[in-house]
Amino acid sequence: MKTFRLLSLLQLLFLLTMLTTAGTPRDTAVQVPLPATATGRPGWQWPLAGEPGILTPFDKPEQEWLAGHRGVDLRAAEGTSVLAPHRGRVSFRSTVVDRPVLVIDHGGGFVTSLEPVSSELAVGTWIEAGDNVGTVATGAHCSQRCLHWGVRLDGEYIDPVLLIRDLRPSILLPLR
């Protein structure tokens, strides 16, 4: 019964956090709260087979116009299969500057961008988590040694790793 009350309290705190940050201006940094799960968010997976090495981690700038790294660079050689990190619909597939980019709209405000990715999928194609969506291509972003994975939630970049791993600090409760 105490466990149930604790879980209810945690859910209430989460909802209050969501409500109080809903009207936050876009020019202030916001920590996006994620639901408490054992491994990030259900249904999300790495866009590469297994758990890839992270070459460059997420680094959100303090202001939208400042330099930063709005995604993660995952170790991957040219020709490596790229997988859908979550179910969704292909919303963009084209070349941006010098590299092929694939964008997937997952619904609920989540949008994934993957680059450089060579893909034959048509815009509008529905895909499931784990489906092969293309291969790592040549492109200047990673010097042919990685896949860049970016995720936006309601237009704000978030750390994609938070969707896979639960990186919140542990909370120790007193023993009774």
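The values are calculated or read from the model by the stated rules, or taken from the named source; none is laboratory data. All figures in this text were calculated on a predicted structure; none of them were measured in a lab. Because the Cβ atoms are built from the backbone with ideal geometry, glycine has one as well, and the counts that use them run over all protein chains shown.
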Region 57-67, residues that are touching a residue at least 60 places away in the same chain (Cβ under 8 Å) and out of contact with any helix residue (DSSP H, G or I) (no Cβ under 8 Å at 6 or more places or on another chain):
LYS60
Of the listed residues (GLU120, GLU115), the one being within 14 Å of VAL151 (Cα to Cα) and either surrounded by fewer than 16 Cβ atoms within 10 Å (Cβ to Cβ) or touching a Cys at 6+ places or on another chain (Cβ under 9 Å) (or both) is GLU115
Quick check on region 49-72. Is at least one of its residues part of a strand (DSSP E or B) and buried (at least 18 other Cβ atoms within 10 Å of the Cβ)?
yes
Consider GLY88 carefully, then state whether it is among the small types (Gly, Ala, Ser) and closer than 24 Å to PRO61 by Cα.
no
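So that you can scan it fast, the table gives a plain yes or no per residue for (1) more than 19 Å from the chain's Cα centre (by Cα); (2) modelled with pLDDT under 70; (3) over 30 Å from PRO116 (Cβ atoms):
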residue: THR20; (1), (2), (3): yes, yes, yes
residue: ALA38; (1), (2), (3): no, yes, yes
residue: LEU48; (1), (2), (3): no, no, no
residue: PRO52; (1), (2), (3): no, no, no
residue: ARG75; (1), (2), (3): no, no, no
residue: VAL82; (1), (2), (3): no, no, no
residue: GLY88; (1), (2), (3): no, no, no
residue: SER94; (1), (2), (3): yes, no, no
